[in-house]
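Visitor: Below is the structure I would like to discuss, written out as structure tokens.
The values are calculated or read from the model by the stated rules, or taken from the named source; none is laboratory data. The shown structure was predicted, so the numbers you read here are calculated from the model rather than taken from an experiment. All Cβ positions, glycine included, derive from the backbone under ideal geometry; neighbour counts span all protein chains shown.
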Amino acid sequence: MTGGNDGRAEIISGPAAVAPHVTGLWVALATLALGLAAGLVWRSRNGRLREGGDGGMRLGEAAIGAPLGERATLVQFSTAFCQPCRATRRILHEVASMVPGVRHVEIDAESRLDLVRSLGITRTPTVLVLDESGTVVKRASGQPRKADVITALGAAVSHNTSHNSDEM
């Protein structure tokens with residue numbers, strides 16, 4: 001029904017009357033779906049130990065400020081107010097004390113910005129698993145699970161064995 005100039009309101013019927021509300025609903029649903037997808041991707045990557053990705057970068061005792069472990073080194077980058085860093089510290093300390101020849105080294109990211117930037121570290125905790133020569137074998141951003149750290153140490157130790165057999 002349409003009104004003229006007689007002061008009555010104009011009533012619109014059909015698809016044009018519903019379109020603004022439906023469009024807003026679709027935009028809200030699309031935004032929700034994108035947010036959910038981004039959250040799931042972030043959650044799946046959080047704390048996962050993946051390949052070093054640093055092109056075989058090596059960190060020596062001078063870079064980390066402590067001696068390397070005889071078999072492997074767990075390097076943790078932390079900050080003072082990082083809550084997951086505390087739990088990560090406990091996990092890495094437990095694993096390092098379980099496996100002979102493995103050392104846990106914690107680095108304050110705020111005081112070593114040069115190293116943080118050169119390694120592309122963007123959040124804490126970040127954990128690097130080094131083999132006996134200091135080569136980055138695995139890397140995790142976020143709090144890793146204990147079982148994943150143990151598996152990564154296995155990769156670091158086998159990485160040592162493969163390099164030693166290549167030299168012979």
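Visitor: If only one of Thr88, Thr126, Thr135 is in contact with a Phe, Trp or Tyr (Cβ under 8 Å, 6 or more places away or on another chain) and crowded, with 17+ Cβ neighbours inside 10 Å, which one is it? Write out each step before concluding.
Guide: Values: Thr88 fails: in contact with a Phe, Trp or Tyr (Cβ under 8 Å, 6 or more places away or on another chain); Thr135 fails: in contact with a Phe, Trp or Tyr (Cβ under 8 Å, 6 or more places away or on another chain).
The unique qualifying residue is Thr126.
Visitor: Also, quick follow-up: Would you pick out the residues in segment 91-137 that are under 13 Å from Ala156 (Cα atoms) and among the basic types (Lys, Arg)?
Guide: Answer for segment 91-137, where residues must be under 13 Å from Ala156 (Cα atoms) and among the basic types (Lys, Arg): just Arg103.
Visitor: Another question, if that's okay. Taking segment 128-150 on its own, how many of its residues are hydroxyl-bearing (Ser, Thr, Tyr) and modelled with pLDDT under 90?
Guide: Step one: list which residues in segment 128-150 are hydroxyl-bearing (Ser, Thr, Tyr), which gives 133, 135, 141.
Narrowing the set further to residues that are modelled with pLDDT under 90 leaves 141.
Result for segment 128-150: 1.
Visitor: Can you report the number of residues in segment 70-109 which are in contact (Cβ under 8 Å) with a residue 60 or more places away in the chain and not in a strand (DSSP E or B)?
Guide: So in segment 70-109, the residues in contact (Cβ under 8 Å) with a residue 60 or more places away in the chain come out as 70-74.
Subsequent filtering for residues that are not in a strand (DSSP E or B) retains 70-71.
Total meeting the criteria: 2.
Visitor: Go over the candidates Ala33, Ala63, Ala28 one by one and state the one that is at pLDDT 80 or above and within 19 Å of Thr122 (Cα to Cα). Show your work before the answer.
Guide: Details: Ala33 fails: within 19 Å of Thr122 (Cα to Cα); Ala28 fails: within 19 Å of Thr122 (Cα to Cα).
Among Ala33, Ala63, Ala28, only Ala63 is at pLDDT 80 or above and within 19 Å of Thr122 (Cα to Cα).
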